[in-house]
Structures are given as structure tokens and as C-alpha cells.
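The values are calculated or read from the model by the stated rules, or taken from the named source; none is laboratory data. If you're wondering where the values come from, they're calculated on a predicted model, not measured in any experiment. We place every Cβ from the backbone using ideal geometry, glycine too, and count neighbours over all the protein chains shown. Each accessible area value is taken on the protein alone, full model and side chains, heavy atoms only, with ligands, DNA and RNA left out. Shrake-Rupley method; radii C 1.70, N 1.55, O 1.52, S 1.80 Å.
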Amino acid sequence: MEPTTFVLFGATGDLAKRKIYPALYNLFVDKKLPSSFTVFGLGRRELTDETFQANVEKSILTFSRRKANDPVQLKQFINAFRYNVLDIGRKEDYQKLLNRIEQREQELAVTPNRLFYLSVGPEFFETIASNIKESGLGSAAGWKRLIIEKPFGRDLQSARWLNQQLSQAFAEHEIFRIDHYLGKPMVQKLGILQQNNPVLNALWTSRYIANVQITASETVGVEERAAYYDHSGAVRDMFQNHMLQLLMMLATHLPKNSSSEEVRSRKKQVMESLVPLQPYEVAASVIRGQYQAGQINGEPVIGYTSEPNIAPDSMNDTFIAAKLQIDGAFWRDVPFYIRTGKRMKEKSTRIVIEFKEPVQQRNNETKTPNLLVFEISPNEGITLQLNSNEPGQSGDVEPIHLAFHMNGSEMPEAYESLIHSALYGDATYFAHWDEVELSWKWVDPILKAFEENLAPLHYYPAGSYGPAESDELLARDGFHWWFDSKPEQAAEEKEFALHVNK
Ligand code: BG6
């Protein structure tokens, strides 16, 4: 790996403490950082290098997935950290920073490769990028890269504007847009599995697949993010980015040894083939929901509009379910159902692929299709449901499960693999501008329909699987959401749910 100066805006923020420092530490332990590596943390507060280093150490002791129990190793890691005061709008601060970075690069006698990480609110992205350019921070002899967090715009127009601003300072190949779902090991596996298993590749068509269900349910509510969330809702917070990225990763057909460009261009093709919605059509295929008071794990919780700093008459969506169609040779007539929400019954991100031609049970009317389930988080695994029978028993067909589970404690966190890729300059698991633009384009009519109340707001009790209308969305096509463990759902399905959730 090439020597790198890692310049972190928002170094005293929550994301840095909880995710970025622990990720860097784990990469260091795994010997996955460049041998010459300096971090310049930036913030508005006055801090000495020593205080900053002590804060970084504390965040590692608190949040790292691995215990930092080797003090020598920890010290060695912490020594790479420096701190600079910086007011985002003050040009002199960038100049001072440049001097300090240059001094460090000269001390180490390294090529000035600089990775700028914007762990700050989106309202600062444009100012920072242009100051990086103006100050000369971005024009050294080595490479420069920019990592930015979501949200990338709040609709198509603002995303285009932002991209245009950023592109004055950074070229597309230098911009790494984080979507942390793309850093999840099971999401990256979706592409790898397809490329390396002809059997899966062959099955990935409307000939065999009846429908695909993508769920990301959360038990948390709005938490302390009312100001942001009440103006974003599930559609902007989760659907436009994470959920559509899951759809793209699943629906691509990747040839073996696909390059980063190939992966991203195939994902783009998926987005281009999504059948667009008009605002007046939204109500028919998109369910907008908001949680009311209920119970999570036996504990009572309040409804969304009673949460602190949420307007009592807020119509914000805390849940969204949608039916999407891909108009391409592989997926024509296969519905893709996507749902995500806060204050739902369980924390789970999973993709269920339901195959065609379900088997009719002998004694009752239950149909048992073959299912392929990708558990993405918090548990990670793949389960295939086949139909078999118990030897020596009645001969009834019963589902059996072939399962593979990954060991949670060993798994690198999404931020580790993403930062590692950015250090390498590998953009495969970052959102390309084309994907972001096409996602907003698809979502824009939904935003419009919500704003203009063309789609009704449905309510659901906290601790449920969302509004009943979300179930009806599938029932209309003769399907149901798998593994919601509702009383009316079959016993073996509940057993499967326990099996995949354990
Ligand atoms: C974030 C959203 O991007 O993803 C949060 O802003 C959400 O609202 C989170 O809770 C979910 O991420 P994960 O990895 O816990 O599924």
C-alpha cells in the first residue's frame, strides 16, 4: 500500500469515535494500513495532539470489536494521530493545515498521497471540497481521494447540484461515496457468489424466481436524530441508498472476475431498467407508514409523534414498503418487494428469494417453495430451503434447511472493508454517481407523492412488521412476506425464523 495522509474532517464527532477510529485500529492490527500512515484529525475545538490521541484511544477501548489489550501495539497506532483546529469556512486554516501536512510528509520522506474523509454534515461538503482545491491541499504530486458520507442530496436536483460542486475539485474516480451497506460482508458476497457459482447464475432469472423480498427492519425509533430524520423519513434515510443498493447488488448478473467498472456498470443497468413510477401511481405500489405506541421486546414505547422534537402532526414516514419491477430479459415479471422501517419487531436485514412451482403438501394446502435466504445483519448466513421427507415417516414432504452461518465476532465491520478499499483506490463497493443519480430519479416521484399526500400515511404499532397494507401489497400478487412469525403463518416457517435468527 502506498504511503497515505488521512485527513479527517469531523474528528471529534460521533461517527469518527464509534466507527472510523475502531475501523482504522482493526485494520492496523490486521496489518492492512500503509506502513507510512498519518491521520490529521480536524475539528473546531482547540485540542493538543496529546489530548486528541487520548480521545482516540478511549474510543478504541470503548468501541473496537477487538479488545485492545496490547498497550505497545495501541501506542504505536495512536502515534500516527495529529490534530489541527479548522473552521470549515476559514481559508487560512486550510493553509495552516497544508503547511503541517507538508512538513510531516517531508519528515517521513513520502509521496504526498492524501485521503480526505468528510465525516461532517452534508451542508459542509461543498465548502470543504472547494477549500481543499483552492488551498492547494488537493494538488500535490501524489494521488488525492475524497470519502463522503450520506446523505448525498435530498432529492434529484440537490444531488445533481452537489455532484457538480464536488466535481470541480475531484474527478469521479477520486470520489468514494460511502454506503455502509456495501461494506457488509454478506452484501459483498452477493456478487462473489454469483460470479463463482454457475448454478446460482443459471437460477437468477424469471424462469425460476417467483419474487424477491428485501427487508431491513429496525427496533430503534428516531433516537436523538429528530431534526434530521423528521425531514428525511425512511425513504431518504434508508430506501434511496441502502435498499436500492441491495437491490442492485442482488439483481446484477456478473461475469466471472468482474472488474470494479464492470460491477458498477451492471448495477447502473439494473437502475436503468427499473420501471419508473409516476407520482399518481405511487399509492398503488408504495406503502408509507409511521409507528404508533406499542411494545418492543415487551417494553412499552411511545409513538413517533410523541417523540421529543417531533411535531405532533408530523406526516413523516418511518416505514416504507414498495413493489419494484425490472424491465429486462432476466427479471421481467418478477416482483421485487422492498421494505424498511423503524420500531419494527426485530432488527434484521435479509433478502429472501422465493422460487417458482411450490410443492403442494399432501395433508393440507400449505405450499412450500424453495427459498434462498441471505441474512445480512445482525446475523450473517445463507440458508436454502429444500423439500424432503423424514426417513421411515409418513412420507410427507417436509422442508429441510441447508445453512451456512458466519461467525460474527470474526467479521470485519463495514467501515473496515470500506476504508481499506479506499486506501487501495478500489471503488467497487462505493456508490458511483450514476447509481446515486438514477436512484434519486426513481425515488423523486415517491417524494412528490408523499409531499402532496397522493399516498396515504398508514399507521403501525411499534413492535410489529409495519402496516397491514404492506402485507396486502404482496397478498395481491398471491405472496406473503416470509418469516414475519405471525400466528397465522405455518409452524415450519416459524421454526425457520428461529433457525436463521439464532
Ligand atoms: C443509517 C441510517 O444509514 O443506517 C440509520 O441513517 C439506520 O437511520 C442505519 O439506523 C442502519 O444501519 P444498520 O447497519 O444498523 O442496518
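Measuring between alpha carbons in the structure, the pairs from LYS144/LYS448; LYS17/LYS144; LYS267/LYS356; LYS91/LYS268; LYS32/LYS91; LYS189/LYS448 lying more than 31 angstrom apart are LYS144/LYS448; LYS91/LYS268; LYS32/LYS91; LYS189/LYS448.
Ignoring GluC sites (Glu not before Pro) that are buried or in helix or strand per DSSP, and keeping those with at most 14 other beta carbon atoms within 10 Å, what is the longest stretch of the chain between them? Looking at the chain, 47-222 is the longest stretch - no exposed GluC sites (Glu not before Pro) with at most 14 other Cβ atoms within 10 Å.
The amide H of SER464, built 1.01 Å from its N in the peptide plane, has LYS345 as neighbours under 5 Å, considering only residues 5 or more places off or on other chains. Counting only alpha carbon atoms, the long axis of helix 491-501 and the longest principal axis of the chain meet at about 10°. Dividing the C-alpha radius of gyration of region 215-362 by 2.2 N^0.38 Å, with N its residue count, gives 1.23. Projecting the alpha carbon convex hull of the chain along each direction and taking the average yields 25.2 nm². Ligands, DNA and RNA left out, the accessible area of region 205-344 computed with a 1.4 Å probe is 49% carbon and sulfur. When the Cα centres of region 396-462 and region 1-70 are compared, how far apart do they sit, in Å? With region 396-462 and region 1-70 each reduced to a Cα centre, they are spaced 26 Å. List the trypsin sites (Lys or Arg not before Pro) within region 65-137 that fall in a DSSP loop (any state other than H, G, I, E or B) and whose Cβ has at most 16 other Cβ atoms within 10 Å. Those satisfying the criteria are ARG65, ARG66, LYS67, ARG90. Backbone phi angles across region 149-155, fed through the Karplus curve with coefficients 6.51, -1.76 and 1.60 (θ = phi - 60°), yield HN-Hα couplings of 8, 6, x, 9, x, 10, 6 Hz in residue order; Gly and Pro are listed as x. Applying the Karplus relation 6.51 cos²θ - 1.76 cosθ + 1.60 with θ = phi - 60° to region 255-265 yields 3J(HN,Hα) values of x, 4, 6, 4, 7, 4, 5, 5, 4, 6, 6 Hz, where x marks Gly and Pro. The chymotrypsin sites (Phe, Trp or Tyr not before Pro) of region 78-171 include none that meets both conditions, a loop assignment by DSSP and at most 10 other Cβ atoms within 10 Å of the site Cβ.
Note on region 1-86: with neighbouring protein chains present and a 1.4 Å probe, carbon and sulfur make up 48 percent of its accessible heavy-atom surface.
On a C-alpha basis, how far is the centre of region 305-325 from the centre of region 107-154 in Å? Whole number, if you could? Cα centroid to Cα centroid, the span is 34 Å. Taking the helices alone, the chain has a mean residue ellipticity at 222 nm of -10000 deg cm²/dmol, built from -39,500 (n - 2.57) per DSSP H run of at least 4 residues and averaged over all its residues. Cα gyration tensor of region 28-82, axes a ≥ b ≥ c as square roots of the eigenvalues: rounded (a/c below 1.5), prolate (a/b > b/c) or oblate? Cα axes put region 28-82 in the oblate bin.
Spatial offset of region 182-225 relative to region 237-262 amounts to 9 Å, using the alpha carbon center of each. Note on region 155-257: Cα-only Rg and Dmax are 17.3, 48 Å. Looking at the chain, the accessible area is 44 square angstrom per residue; that uses a 1.4 Å probe and ignores ligands, DNA and RNA.
Placing +1 on the Cβ of every Lys and Arg and -1 on the Cβ of every Asp and Glu, with no other charges, gives the chain a dipole of roughly 1020 debye about its Cα centre. For the Cα trace of region 1-154, dividing Rg by the Kirkwood Rh returns an Rg/Rh value of 0.94.
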